[in-house]
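Participant: After the structure tokens below, expect a handful of questions from me.
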């Protein structure tokens with residue numbers, strides 16, 4: 001792929017302002033797109049959009065195909081006549097800067113079931129749009145809706161712990177039996193996906209007409225507690241009862257003496273080769289319905305992956321196993337054409353990983369925070385960048401850049417801080433913006449900055465603390481932070497460093513703008 005110079009911002013939809021406890025796909029999402037256009041940005045990068053499970057991580061979803069019902073806009077449902085103000089009323093003031101997932105999930109389920117009841121009353125299951133959606137997506141939707149319906153029936157427990165072993169293990173006749181038994185709940189789950197896809201498609205169309213491409217995240221591994229594994233056990237490293245034989249992770253390094261034990265099932269690549277990676281082709285083509293460019297998380301796993309015994313307590317007992325990366329991407333190209341892919345090539349990167357990425361022309365990633373620290377990596381210094389790469393100040397797993405440098409100063413790592421100042425030739429108080437400016441000025445084709453760094457926020461805005469539960473994926477911004485002057489500043493950066501906006505072609509006006517009274 002031939003990528004031109006461009007600039008963008010990372011912000012997951014959950015972080016948008018909203019009076020309903022979490023960012024959603026309503027008016028505020030469209031206002032964010034408008035801000036991107038005003039700021040000259042042509043890329044909007046997001047995390048995985050799937051329905052999250054325990055820990056609320058978008059990287060551990062119940063499906064690699066489904067969308068999160070939590071970001072369905074209540075306001076759009078109200079505009080469609082499926083909800084009333086009375087339905088949406090709740091005796092609670094949601095925190096405007098932090099998501100409280102527990103009560104939020106209960107509230108969203110309550111209003112969604114209200115909307116579903118109204119949908120059945122008004123349109124019924126025979127709605128042409130609904131039927132068309134269900135038919136188009138039946139290959140994954142039928143399994144997903146049944147999985148979630150059965151999971152709810154069993155109190156939300158892990159599928160291997162369901163008391164009804166027939167549906168847990170999908171024994172002969174169980175799928176048909178439970179599909180009939182849970183028919184209403186299955187339709188409800190399909191209704192949620194119908195609304196997610198409809199709302200997201202409208203938002204993507206709006207972004208594209210504004211000259212903005214969406215970069216979506218594809219985690220290389222699926223979650224153990226997922227419809228993907230439950231319905232396709234033959235494709236993953238589990239036995240017939242779902243017990244893990246091998247799991248994913250990374251080996252010991254200077255960050256962790258025992259490595260990282262992720263626990264995700266691995267792929268049975270030899271089995272996947274039999275139909276030319278059909279499951280993967282469906283996954284990628286499905287994601288391309290939602291986004292314009294795919295970022296593959298843990299790209300190195302397509303070259304070789306760390307295979308850990310399923311009963312291991314740490315990642316130390318794992319081993320590297322070769323993956324069919326070249327065969328895989330040749331298959332994708334043969335069936336789907338030149339898919340626009342960004343390779344997350346961080347961590348332990350060997351020569352063969354780099355060769356695989358370069359063979360297919362995928363841009364790699366550069367993280368500026370990694371260039372300035374105790375164990376700095378010189379390849380992340382801007383003067384060492386190649387053109388075909390994406391530069392970020394940090395990632396969702398890092399602290400914000402402001403907090404990163406504040407910690408360096410607090411820990412008396414003045415040599416690192418001074419080295420950073422000397423490299424930048426900048427000795428002022430706004431080192432975050434200076435790093436962003438240097439990223440814009442670099443030869444990297446793409447520069448994509450986390451919104452937290454654009455806003456120069458501290459540790460309170462950190463998105464994820466790896467290895468922890470209960471304090472992650474909660475951050476939200478408020479619209480007063482996206483000032484006109486901020487947009488002007490970034491628009492100017494795109495002009496100076498020739499990362500031009502494509503949105504000058506036409507003034508975009510579509511129906512959704514009028515519906516929200518912009």
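The values are calculated or read from the model by the stated rules, or taken from the named source; none is laboratory data. Nothing here was measured: the structure is a model prediction, and the numbers come from that model. A quick note on method: Cβ atoms are made from the backbone with ideal geometry, for glycine too, and the neighbour counts reach across all protein chains shown.
Participant: Mind checking whether some residue in the range 230-241 is surrounded by fewer than 17 Cβ atoms within 10 Å (Cβ to Cβ) and touching a residue at least 60 places away in the same chain (Cβ under 8 Å)?
Facilitator: Yes, some residue in the range 230-241 is surrounded by fewer than 17 Cβ atoms within 10 Å (Cβ to Cβ) and touching a residue at least 60 places away in the same chain (Cβ under 8 Å).
Participant: Right, next: Look through the range 1-55, keep the residues that are assigned to a strand (DSSP E or B) and under 20 Å from residue 466 (Cβ atoms), and return whichever of them is nearest to the chain's Cα centre (by Cα).
Facilitator: 45
Participant: Here's a follow-up. Considering only the range 424-440, state which residues are closer than 27 Å to residue 364 by Cβ and out of contact with any helix residue (DSSP H, G or I) (no Cβ under 8 Å at 6 or more places or on another chain).
Facilitator: Residues of the range 424-440 that are closer than 27 Å to residue 364 by Cβ, as a first pass: 424-426, 431-440.
Listed by number, the residues that qualify are 425, 433.
Participant: Residue check: is residue 495 farther than 26 Å from residue 208 by Cα, out of contact with any helix residue (DSSP H, G or I) (no Cβ under 6 Å at 6 or more places or on another chain), at pLDDT 95 or above and part of a helix (DSSP H, G or I)?
Facilitator: Criteria not met by residue 495.
Participant: On the basis of being assigned to a loop (DSSP other than H, G, I, E, B), on the phi < 0 side of the Ramachandran plot and surrounded by 14 or more Cβ atoms within 10 Å (Cβ to Cβ), does residue 464 make the cut?
Facilitator: Answer is yes for this residue.
Participant: Find the residue count for the range 432-458, including only residues that are assigned to a helix (DSSP H, G or I), over 21 Å from the mean Cα position of the chain (by Cα) and either in contact (Cβ under 8 Å) with a residue 60 or more places away in the chain or surrounded by fewer than 21 Cβ atoms within 10 Å (Cβ to Cβ) (or both).
Facilitator: Looking only at that region, the number is 8.
Participant: Is it the case that the range 112-122 has a residue that's in a loop (DSSP other than H, G, I, E, B) and at pLDDT 95 or above?
Facilitator: no
Participant: A follow-up question, please. Evaluate the following for residue 432: is it touching a strand residue (DSSP E or B) at 6+ places or on another chain (Cβ under 9 Å) and modelled with pLDDT of 95 or more?
Facilitator: In short, no.
Participant: In this structure, is residue 300 within 23 Å of the chain's Cα centre (by Cα), modelled with pLDDT of 95 or more and not in a strand (DSSP E or B)?
Facilitator: In short, yes.
Participant: Just the residues that are more than 23 Å from residue 156 (Cβ to Cβ) and in a loop (DSSP other than H, G, I, E, B), please, taken from the range 56-76.
Facilitator: The answer is 73, and nothing else.
Participant: Kindly check whether there is at least one residue in the range 109-131 that is crowded, with 16+ Cβ neighbours inside 10 Å, closer than 29 Å to residue 463 by Cβ and out of contact with any strand residue (DSSP E or B) (no Cβ under 6 Å at 6 or more places or on another chain).
Facilitator: Looking through the range 109-131, at least one residue is crowded, with 16+ Cβ neighbours inside 10 Å, closer than 29 Å to residue 463 by Cβ and out of contact with any strand residue (DSSP E or B) (no Cβ under 6 Å at 6 or more places or on another chain).
Participant: Here's a follow-up. Among the candidates 60, 45, single out the residue that is surrounded by fewer than 24 Cβ atoms within 10 Å (Cβ to Cβ), within 24 Å of residue 281 (Cα to Cα) and out of contact with any helix residue (DSSP H, G or I) (no Cβ under 6 Å at 6 or more places or on another chain).
Facilitator: 60 is the lone residue from the list that is surrounded by fewer than 24 Cβ atoms within 10 Å (Cβ to Cβ), within 24 Å of residue 281 (Cα to Cα) and out of contact with any helix residue (DSSP H, G or I) (no Cβ under 6 Å at 6 or more places or on another chain).
Participant: Right, next: Within the range 136-143, can one find any residue that is in a loop (DSSP other than H, G, I, E, B) and either surrounded by 14 or more Cβ atoms within 10 Å (Cβ to Cβ) or modelled with pLDDT of 95 or more (or both)? Lay out the reasoning, then the answer.
Facilitator: Step one: list which residues in the range 136-143 are in a loop (DSSP other than H, G, I, E, B), which gives 137.
Narrowing further to those that are either surrounded by 14 or more Cβ atoms within 10 Å (Cβ to Cβ) or modelled with pLDDT of 95 or more (or both): 137.
Scanning the range 136-143, I find at least one residue that is in a loop (DSSP other than H, G, I, E, B) and either surrounded by 14 or more Cβ atoms within 10 Å (Cβ to Cβ) or modelled with pLDDT of 95 or more (or both), so the answer is yes.
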